[in-house]
Amino acid sequence: MLPKIDVPVYSVELPSTKEKVTFRPFLVKEQKLFLMNTENNDPQETVKVIRQVLKNCVLSDINVDELPVFDIEFLFMNLRARSVSEVVNLKYKCNNAIESADGESRKCDTINEIVINVLEITPTFFPEHTKKIQLTDNVGLMMKYPTFEMMKSMVGKSESEAIMSMIYKCIDYIYDKENMYYIKDVTEKELEEFIDNIQQKDLEKLRVFFDTMPKIKKDVDYTCKKCNYHETITLEGTQDFFG
């Protein structure tokens, strides 16, 4: 019988709950999933692969499908850092407009390398963010964060369809002065009628909830090696960090 190879175990604290989660690095079998996925370039398949890799590698007793998206992104970035490298080398094309000898303006377009330490990135929390949305003096909503499973169902939908679908899925319960009405206990028709009667100004409050959710993002300053143009770019989500 061949010997077993010891695999290191790491831990990280989930941003949403501060719960400590243990995981192992991904192995050759997980790397094969990523390689197969790069061949089809299907966003829905990418979601499935990340989900499967996390389920394989997370050792703690948690349900990956129920984690908020920013927990998933943070966990995946730590997993990737421990499995491949803490450092990511990104290439960014300079956007500086340079005037040529003939007076025409063109972009510098020089490719610059930006070095990021993934383990230094933590979710950004917005102080104005709240899960409690007050609609009237008596009625309000308690929201919950989009999960991995919810985001998977958004793939392929138009922006307006995705926004409305996400609102429906992310209401935890509706409350008034006397009761809480959990969405799992109401019919789809009842919820649709309730949402249809929300004022536009209150719909904007829901948009603010999504816009100010914790995010995996980092502002990076760099100076172009050719034209010395200084620029700040914002990287957000795993796609920006790993491409």
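The values are calculated or read from the model by the stated rules, or taken from the named source; none is laboratory data. In this text the structure is predicted, and so the values were computed from the model without any measurement. Methodologically, a virtual Cβ is constructed for each residue, glycine included, from the backbone with ideal geometry; neighbour enumeration extends over all protein chains shown. Ligands, DNA and RNA are excluded from the accessible area calculation, which covers all protein heavy atoms including side chains. Shrake-Rupley method; radii C 1.70, N 1.55, O 1.52, S 1.80 Å.
Structural remarks
- For the chain, the longest principal axis of the C-alpha atoms and the axis of helix 200-211 are separated by about 40°.
- With every protein chain in place, the chain: carbon and sulfur % of accessible area (1.4 Å): 49
- Principal-axis tilt of helix 159-170 within the chain, Cα atoms, nearest 10 degrees: 60
- Degrees, to the nearest 10: 43-57 long Cα axis against longest axis of the chain: 90
- The length gained by stretching the chain between Thr232 and Lys144 to full extension, at 0.36 nm per residue less their Cα-Cα distance, is 28.5 nm.
- Here the relative contact order of segment 75-162, from alpha carbon pairs under 8 Å that lie six or more residues apart, stands at 21 percent.
- A straight chain from Glu99 to Val87 at 0.36 nm per residue would run longer than the Cα-Cα distance by 0.8 nm.
- Pairwise Cα inverse-distance average, inverted: Kirkwood Rh of the chain (Å): 21.1
- Residue-averaged [θ]222 nm for the chain, counting only DSSP H segments that reach four residues, each worth -39500 (n - 2.57): -11000 deg cm²/dmol
- Extending 7 Å from Cα along the Cβ direction at Ile111 and again at Asp137 yields two label points whose distance is 6.4 nm.
- Accessible-area rank, largest first, for Lys132, Lys152: Lys132, Lys152, with all protein chains present and a 1.4 angstrom probe.
- Accessible area per residue in Å² at 1.4 Å probe, computed on segment 53-155: 52
- Here the calculated FRET efficiency for Ser153 and Lys55, from their Cβ-Cβ distance with R0 = 30 Å, stands at 0.95, rounded to the nearest 0.05.
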